[in-house]
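Trainee: Dropping a structure here in structure tokens format, bear with me for questions.
Coordinate-derived values only; no laboratory data. As the structure is a prediction and not an experimental result, all values here were calculated from the model. So basically every Cβ, Gly included, is an ideal-geometry build from the backbone, and we count neighbours across all protein chains shown.
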Amino acid sequence: MRSDRIAHVFNDPGPFADAYVDLSQDHELAAESVALSIRDACDELSSAGAPPAVVDFVRSALEAEADGPAPISRFVVATERGVLLDELTRTRRPQPTATWGPLPDLAEWLLDESRSIPFVLAVVDHEGGGVTAYPGGINGEADAAEVGGETDFEHKVRGGGWAHLKWQHYSESVWARNARRVAEAVRRHVDGGIDLVLLAGDAQIRSEVVDFLGRVDATVMQVDTGGRNADGSDDLLQEAVRRALDEAFETARIETIDELQERLGRDGAAAIGVSDIADAFVRGQVGRLLIDPRAAADFTVEPADHPGLALGTVDPPPRSVPADRALVAAAALTGADIEIAPSSMLSGSPAAALLRWDQHAEGTHA
């Protein structure tokens with residue numbers, strides 16, 4: 001995740017209230033369940049010492065209408081100056097969570113948000129295609145467009161013979177033009193920075209889209225189910241997209257871990273362990289923070305041991321901070337990307353870092 005999405009949070013001196021609540025409305029007692037979860041989260045904040053005004057900010061944000069189908073949850077961060085972060089995720093939360101402290105607890109939200117990969121979805125058939133970009137991942141806003149419509153003569157002449165072949169040829173040329181237009185729409189989003197493309201719908205047209213795309217700086221995955229549905233309720237397609245996104249997430253994570261292992265063999269190219277990473281942040285070296293937030297929460301960082309460690313404008317500076325909160329804050333404030341990985345993939349450590357340069361490579365990037 002690009003840390004600039006949360007950097008502004010740490011410009012506030014705090015203290016911070018955060019809450020994460022399931023708002024799904026897909027069962028008979030959903031309204032009562034959601035209201036109870038919001039109340040429990042707010043009561044937890046009050047018990048922890050959050051001022052009434054801050055609790056009211058959180059409550060108002062949680063009670064706002066959540067657009068989209070279930071499952072859906074909302075994560076909120078607020079201080080006395082108002083709501084700083086208000087994010088929806090397509091997840092279920094078995095229990096509401098809430099904390100009040102000198103730094104926000106982003107761990108659970110980061111775990112969910114890490115799987116929200118930016119992508120383009122193109123669903124194609126003989127009539128054209130629907131191209132939708134999700135630059136903020138599946139939880140974000142969608143940028144959709146319809147492509148095609150040149151099908152006036154398709155199926156006008158039935159049966160065999162030369163007439164049939166003539167119209168079939170015409171239809172195929174229309175499909176090709178539509179496939180080209182879909183490819184052009186997809187390429188525009190890829191050129192805009194999205195590097196995952198999912199193609200669904202008719203297999204023949206998908207193949208033509210791939211041909212027209214040619215070589216692009218993106219991963220192109222074909223989804224073998226679903227077509228365009230007028231009411232947008234194709235559950236099979238939605239499930240297939242989720243499976244493809246999960247596969248893309250796991251592939252990307254394995255590639256990152258492979259890079260980490262390669263860098264650990266070179267001095268100055270990577271850091272592992274909470275203390276070494278904190279020192280690397282002080283030097284401004286961390287390019288990517290790899291963290292298991294739940295594992296890191298069992299460790300602490302004492303800012304006094306790392307003079308210059310950026311934790312924002314927290315006042316007064318805390319003596320000791322859970323490592324997950326400290327490292328995430330440092331990443332956000334220094335522009336380091338944040339990637340989630342289990343400690344089992346980080347050589348048993350709660351965190352690791354890929355450094356921006358190799359200290360022993362005479363200025364070249366690691």
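Trainee: Can you name the helices of the chain, as whole DSSP H runs, whose Cα span along the helix axis is 24 Å or more and whose Kyte-Doolittle mean is not below -0.5?
Mentor: 30-47
Trainee: Still on this structure, I have one more. Nearest 5 percent is fine: what portion of the DSSP beta bridges confined to the range 265-355 is antiparallel?
Mentor: On the way: 10 of 14 bridges.
Around 70 percent of the beta bridges assigned by DSSP in the range 265-355 are antiparallel ones.
Trainee: Mind pulling the per residue volume of the convex hull built on the Cα atoms of the chain? Å³ is fine. The partial results should precede the final answer.
Mentor: On the way: hull volume 57.3 nm³, N = 366.
Cα convex hull per residue, to the nearest whole number: 157 Å³.
Trainee: Counting DSSP beta bridges in the chain, what percent are antiparallel, to the nearest 5? Don't skip to the answer; put the middle values down first.
Mentor: Numbers: 41 of 55 bridges.
Around 75 percent antiparallel, to the nearest 5.
Trainee: Here's another thing I want to ask about it. Treat the count of other C-beta atoms within 10 Å as a stand-in for reagent exposure and order F299, F16 from fewest to most. Spell out each step's value before the answer.
Mentor: Details: F299 18, F16 27.
Ascending Cβ contact count within 10 Å gives the list F299, F16.
Trainee: Helix-only mean residue ellipticity at 222 nm, the chain, DSSP H runs n ≥ 4 weighted -39,500 (n - 2.57), per residue, nearest 500. What is it? Mind showing how you got there, number by number?
Mentor: On the way: 9 runs with 134 residues, N = 366.
Taking each H run of at least 4 residues, the total per residue is -12000 deg cm²/dmol.
Trainee: Now for a different question. Got the relative contact order for the range 3-107 handy, in percent, Cα pairs under 8 Å and 6 or more residues apart? Don't skip to the answer; put the middle values down first.
Mentor: Values: 194 pairs, mean separation 43.8, N = 105.
Relative contact order, the range 3-107: 42 percent.
Trainee: Still on this structure, I have one more. For Q222, what charge total do you get from the other residues with a beta carbon under 13 Å from its beta carbon, if Lys and Arg give +1 and Asp and Glu give -1?
Mentor: Working: positive: R206, R243; negative: D202, E208, D211, D224, E247.
Residues near Q222 contribute -3 overall.
Trainee: Sort the following peptides by mean Cβ neighbour count (other Cβ atoms within 10 Å, averaged over residues), highest first: 328-338, 26-36. Before the final figure, lay out the partial values.
Mentor: Numbers: 328-338: 22.9, 26-36: 11.5.
Taking the mean over residues of other Cβ atoms within 10 Å, the ranking is 328-338, 26-36.
Trainee: Which Cα, out of P350, S173, V209, lies furthest along the positive dipole direction of the chain (beta carbon charges, K/R +1, D/E -1)?
Mentor: So the residue furthest toward the plus end is S173.
Trainee: Okay, next question. Treating only the Cβ of Lys, Arg, Asp and Glu as charged (+1, +1, -1, -1), what charge dipole size does the range 265-355 show about its Cα centre? Round to the nearest 20 debye.
Mentor: Working: 6 positive and 11 negative charges, 21 e Å.
In debye, rounded to 20, the range 265-355 gives about 100.
Trainee: Distance in nm between label sites at S60 and D298, each 7 Å beyond Cα in the beta-carbon direction?
Mentor: 4.1 nm
Trainee: Per residue of the range 13-20, in order, report the coupling 6.51 cos²θ - 1.76 cosθ + 1.60 (Karplus, θ = phi - 60°) as ³J(HN,Hα) in whole Hz, putting x for Gly and Pro.
Mentor: After applying 6.51 cos²θ - 1.76 cosθ + 1.60, I find x, x, x, 10, 10, 9, 8, 9 Hz.
Trainee: Still on this model: In percent, how large is the relative contact order of the chain, given Cα pairs closer than 8 Å and 6 or more residues apart?
Mentor: Numbers: 708 pairs, mean separation 62.3, N = 366.
Computed over the chain, the figure is 17 percent.
Trainee: Next question, about the same structure. Estimate the FRET efficiency between S33 and R243 by the formula 1/(1 + (r/R0)^6), using the beta-carbon distance for r and 22 Å for R0, to the nearest 0.05. Before the final figure, lay out each step's value.
Mentor: On the way: r = 28 Å, r/R0 = 1.28.
Working from the Cβ atoms, E equals 0.20.
Trainee: Just how large is the dipole of the range 3-107 about the Cα centre, in debye to the nearest 20, putting +1 at every Lys and Arg Cβ and -1 at every Asp and Glu Cβ?
Mentor: Magnitude of the dipole: close to 200 debye.
Trainee: Now for a separate question. Is there a quick way to get the dipole size of the chain? I mean about its Cα centre, with the Cβ of Lys and Arg at +1 and of Asp and Glu at -1; what is the value in debye to the nearest 20? Don't skip to the end; give the middle numbers.
Mentor: On the way: 32 positive and 62 negative charges, 146 e Å.
The calculated dipole for the chain is roughly 700 debye.
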